[in-house]
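First up is the structure itself, then whatever we jot down about it.
The values are calculated or read from the model by the stated rules, or taken from the named source; none is laboratory data. Fair warning: this is a prediction, and the values are worked out from it, not measured in the lab. Cβ sites come from the backbone with ideal geometry, for glycine too, and all protein chains shown count toward neighbours.
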Amino acid sequence: AQTVTQSQPEMSVQEAETVTLSCTYDTSENNYYLFWYKQPPSRQMILVIRQEAYKQQNATENRFSVNFQKAAKSFSLKISDSQLGDTAMYFCAFLRYSGNTPLVFGKGTRLSVIA
Amino acid sequence: DTGVSQDPRHKITKRGQNVTFRCDPISEHNRLYWYRQTLGQGPEFLTYFQNEAQLEKSRLLSDRFSAERPKGSFSTLEIQRTEQGDSAMYLCASSIDDRISVTEAFFGQGTRLTVV
């Protein structure tokens with residue numbers, strides 16, 4: 001079974017600074033998808049960024065980028081120019097490409113952006 | 001389509017009562033998930049459907065939990081003989097996953113269950 005590990009339960013960053021959230025996963029698959037989701041306090045989960053394992057280029061979405069290291073099974077999220085609205089729980093998630101398996105989440109990292 | 005809809009948003013029930021939650025996914029999405037989330041924790045997988053077929057149910061899920069997705073549209077999650085440990089946020093998500101295209105999972109706002 002696939003597992004996703006987020007080793008940083010809590011992190012904080014000063015506004016406008018850069019922060020990196022870590023995620024590692026365990027799989028024997030070669031094709032899969034990785035996601036970072038954001039869950040603001042008392043609000044619903046939304047997608048931040050996704051990465052297909054067959055793509056060597058790291059995904060970027062505005063201030064959000066990933067460092068995908070397939071051999072190391074590592075998928076970290078970098079948030080640049082942190083904003084107060086980035087304060088949230090961040091979850092890393094894994095989905096096997098070959099189907100018939102569920103989307104699996106890590107336990108999350110609580111990020112606080114400090115003014 | 002306004003996204004994944006869950007009903008009710010909040011439910012308070014007495015221990016031992018049965019409760020049922022509903023999820024309406026995004027209309028063209030063939031995959032539907034149910035997760036449970038407690039405060040400060042990640043979503044814990046409960047079960048999921050591919051169209052109307054229930055593909056997997058978590059081994060952590062007791063027999064008191066059952067889910068259906070008739071006709072591959074909306075889904076219901078029923079908890080029988082509720083216990084205080086069932087108190088949590090129940091999240092529904094839907095996606096497209098047909099091996100040709102895969103989208104991310106879109107989440108509803110959840111149903112918060114409190115068992116007293």
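How about the stretch A:9-22: which of its residues are surrounded by fewer than 17 Cβ atoms within 10 Å (Cβ to Cβ) and either under 12 Å from A:Y90 (Cα atoms) or out of contact with any Leu (no Cβ under 9 Å at 6 or more places or on another chain) (or both)?
A:P9, A:E10, A:M11, A:Q14, A:A16, A:E17, A:T18, A:T20 - these are the residues of the stretch A:9-22 that are surrounded by fewer than 17 Cβ atoms within 10 Å (Cβ to Cβ) and either under 12 Å from A:Y90 (Cα atoms) or out of contact with any Leu (no Cβ under 9 Å at 6 or more places or on another chain) (or both).
Across the stretch B:9-25, which residue is farthest from the other protein chains (Cβ to nearest Cβ) among those that are part of a loop (DSSP other than H, G, I, E, B) and touching a strand residue (DSSP E or B) at 6+ places or on another chain (Cβ under 6 Å)?
Per the stated criteria, the residue is B:R15.
In the stretch A:63-77, how many are of a type in the set (F, W, Y) and either crowded, with 23+ Cβ neighbours inside 10 Å or out of contact with any strand residue (DSSP E or B) (no Cβ under 9 Å at 6 or more places or on another chain) (or both)?
1
If I go through the stretch A:99-111 residue by residue, how many of them are assigned to a loop (DSSP other than H, G, I, E, B) and farther than 16 Å from B:N30 by Cβ?
Count: 3.
Could you tell me whether any residue of the stretch B:26-41 is out of contact with any Pro (no Cβ under 8 Å at 6 or more places or on another chain) and away from every other protein chain (no Cβ under 14 Å)?
yes
Kindly list the number of the only condition in (1) aliphatic (A, V, I, L, M); (2) within 14 Å of chain A (Cβ to nearest Cβ); (3) over 24 Å from A:L34 (Cα atoms) that fails for B:M89.
(3)
Among the residues of the stretch B:30-57, write down those that are in a loop (DSSP other than H, G, I, E, B) and either surrounded by 21 or more Cβ atoms within 10 Å (Cβ to Cβ) or at pLDDT below 90 (or both).
B:L39, B:G40, B:Q41, B:G42, B:P43, listed by residue number.
Which one is farthest from the other protein chains (Cβ to nearest Cβ), of the residues in the stretch B:92-113 that are without any contact (Cβ under 8 Å) to a residue 24 or more places away in the chain and not β-branched (V, I, T)?
Looking at residues that are without any contact (Cβ under 8 Å) to a residue 24 or more places away in the chain and not β-branched (V, I, T), I get B:S101.
Here's a check for you: in the stretch A:78-115, which residue that is within 8 Å of chain B (Cβ to nearest Cβ) and touching a Lys or Arg at 6+ places or on another chain (Cβ under 6 Å) is surrounded by the most Cβ atoms within 10 Å (Cβ to Cβ)?
Restricting to residues being within 8 Å of chain B (Cβ to nearest Cβ) and touching a Lys or Arg at 6+ places or on another chain (Cβ under 6 Å), the top hit is A:M89.
Among the residues of the stretch B:36-66, what is the count of those that are in contact with a Lys or Arg (Cβ under 8 Å, 6 or more places away or on another chain), closer than 20 Å to B:F107 by Cβ and not aromatic (F, W, Y)?
10
Kindly list, by first and then second residue, each pair from a residue in the stretch A:36-55 that is facing chain B (nearest Cβ under 10 Å) to a residue that is among the polar types (S, T, N, Q) and in a strand (DSSP E or B), limited to pairs with Cβ atoms under 6 Å and residues at least 6 apart or on different chains.
Every condition considered, the pairs that remain are A:M45/A:Q39.
Any residue that is away from chain B (no Cβ under 14 Å) and surrounded by 15 or more Cβ atoms within 10 Å (Cβ to Cβ) - is there at least one of those in the stretch A:23-35?
yes
Check A:T60 against each of (1) β-branched (V, I, T); (2) buried (at least 18 other Cβ atoms within 10 Å of the Cβ); (3) more than 9 Å from chain B (Cβ to nearest Cβ) and name the one condition it does not meet.
The number of the failed condition is (2).
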